[in-house]
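Only one structure is covered here, and it is reproduced in the block below.
The values are calculated or read from the model by the stated rules, or taken from the named source; none is laboratory data. No experiment lies behind these values; they were computed from the predicted model shown. Cβ coordinates were reconstructed from backbone atoms using ideal geometry, including for glycine residues, and neighbour counts include every protein chain displayed.
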Amino acid sequence: MESFSALLNQNSADILRNAKAKYQPDGKVKITLFSKAVFVPDGWERQDRGTLRRQGSEGQCSLTPRADNLRRAKNAVYEIAAANDWEYLVTLTLNAEKIDRYNAKEIVRPFTKWLHNQATRNGLRYLIIAEKHKDGAIHFHGLVNEALRLTDSGTVTTPDRKKPIKKATAKKYGYDLNACKAVYNIPGYKFGFATAIPLDENREAVSRYITKYVTKDFGKIFGKTYFAGGDGLRRELPFTLHNIPYEDFITKEYTIQGFGAVKYIQMDKSDFEEYIKGVA
């Protein structure tokens, strides 16, 4: 088995690639372009200690350089959010009479068991992020599919208010209920108060919104960054790997230790596809 470092030093064009193009939900393509080949193409996977071996299925593995923990967490959350279809934005709180909402160790086991049971029994797919209130109490925000049973709370969100209001109040103040979003309760959630709000179809905006909960402190709550799972959950956006002339793109250049120079480019999908035809 040939070591990964040996392949990297050889810059083996027949095995590694220098560019990774990720297809965004807004029709853009984001390209990570290195000055030398560093990405593992289809048919190979990276093992412990940097070795490579053939893999059974294609299109799953690639080498990506390590970034700081917060940036990697934000990127991972964005990718999962953007790669999947979601129906609701949920907020899950914890009732002090039912569970110690300040104690992460007490919370994590029953909470993850509930998520697992919902995924197994009802087909739930989820991306959930923990957050602390100012007083330190833990609660959750996240994205889910349509698997949860919901009941109408009788309240709606409005464009200019942070908190939901009753439908009668919305009418009183002249809001068009058709322009408001209904707020639903989640009766199957037993640890506290839980709401679900329907999402817009703009997957890009939703994906960027959910990353705002990824802060420098959130990973300290449970020692992990997020909870994500469910049958069919995709953890990465579609991508293709290429060998592209590094000098073709004049833009700001960065250096990543161990990988060399890198550029980040964004293009419309149609423009990128035309460009690739020219360099193929």
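Kindly indicate whether Thr251 is in a strand (DSSP E or B) and over 16 Å from the mean Cα position of the chain (by Cα). Spelling it out, it is not the case that Thr251 is in a strand (DSSP E or B) and over 16 Å from the mean Cα position of the chain (by Cα).
Within region 150-160, the set of residues being loosely packed, with under 14 Cβ neighbours inside 10 Å and not in a strand (DSSP E or B) comprises Pro159, Asp160.
Of the conditions (1) assigned to a helix (DSSP H, G or I); (2) among the charged types (D, E, K, R); (3) over 18 Å from the mean Cα position of the chain (by Cα); (4) modelled with pLDDT of 55 or more, Asp100 fails just one. Which one is it? Just one mismatch for Asp100, condition (1).
Yes or no, residue by residue, for (1) small (Gly, Ala, Ser); (2) closer than 30 Å to Val144 by Cβ; (3) touching a helix residue (DSSP H, G or I) at 6+ places or on another chain (Cβ under 8 Å); (4) outside any helix (DSSP H, G or I):
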| site | (1), (2), (3), (4) |
| --- | --- |
| Glu204 | no, yes, yes, no |
| Ser207 | yes, yes, yes, no |
| Lys212 | no, yes, no, no |
| Ile221 | no, yes, yes, no |
| Lys224 | no, yes, no, yes |
| Gly232 | yes, yes, no, yes |
| Glu236 | no, yes, yes, yes |
| Leu241 | no, no, no, yes |
| Lys263 | no, no, yes, yes |
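Condition (residue is acidic (Asp, Glu) and either more than 24 Å from Ile107 (Cα to Cα) or within 16 Å of the chain's Cα centre (by Cα) (or both)) applied to region 183-201: is it met by at least one residue? Yes, because at least one residue in region 183-201 is acidic (Asp, Glu) and either more than 24 Å from Ile107 (Cα to Cα) or within 16 Å of the chain's Cα centre (by Cα) (or both).
Pick from region 175-192 the residues that are part of a loop (DSSP other than H, G, I, E, B) and in contact (Cβ under 8 Å) with a residue 24 or more places away in the chain: which of them is nearest to Thr157 (Cα to Cα)? Walk me through how you get there before you give the answer.
First, the residues of region 175-192 that are part of a loop (DSSP other than H, G, I, E, B): 175-176, 180, 186-192.
Now drop any that are not in contact (Cβ under 8 Å) with a residue 24 or more places away in the chain, which leaves 180, 186-192.
Working: Cys180: 6, Ile186: 17, Pro187: 20, Gly188: 22, Tyr189: 21, Lys190: 24, Phe191: 23, Gly192: 21 Å.
Step by step, filter region 175-192, then rank; the result is Cys180.
In region 84-94, what residues are surrounded by 19 or more Cβ atoms within 10 Å (Cβ to Cβ) and either hydrophobic (A, V, I, L, M, F, W, C) or more than 14 Å from the chain's Cα centre (by Cα) (or both)? Once the filter is applied, which keeps residues that are surrounded by 19 or more Cβ atoms within 10 Å (Cβ to Cβ) and either hydrophobic (A, V, I, L, M, F, W, C) or more than 14 Å from the chain's Cα centre (by Cα) (or both), region 84-94 yields Trp86, Tyr88, Leu89, Val90, Leu92, Leu94.
Here's a check for you: in region 103-136, which residue that is closer than 17 Å to Lys220 by Cβ and surrounded by fewer than 15 Cβ atoms within 10 Å (Cβ to Cβ) is nearest to the chain's Cα centre (by Cα)? If you could, list the steps in order and put the result at the bottom.
Start the filter on region 103-136 by keeping residues that are closer than 17 Å to Lys220 by Cβ, which leaves 103-108, 111, 128-136.
Filter once more, so that each one left must be surrounded by fewer than 15 Cβ atoms within 10 Å (Cβ to Cβ): 103, 105-106, 133-136.
Working: Asn103: 26, Lys105: 24, Glu106: 26, His133: 23, Lys134: 25, Asp135: 27, Gly136: 25 Å.
The qualifying residue nearest to the chain's Cα centre (by Cα) is His133.
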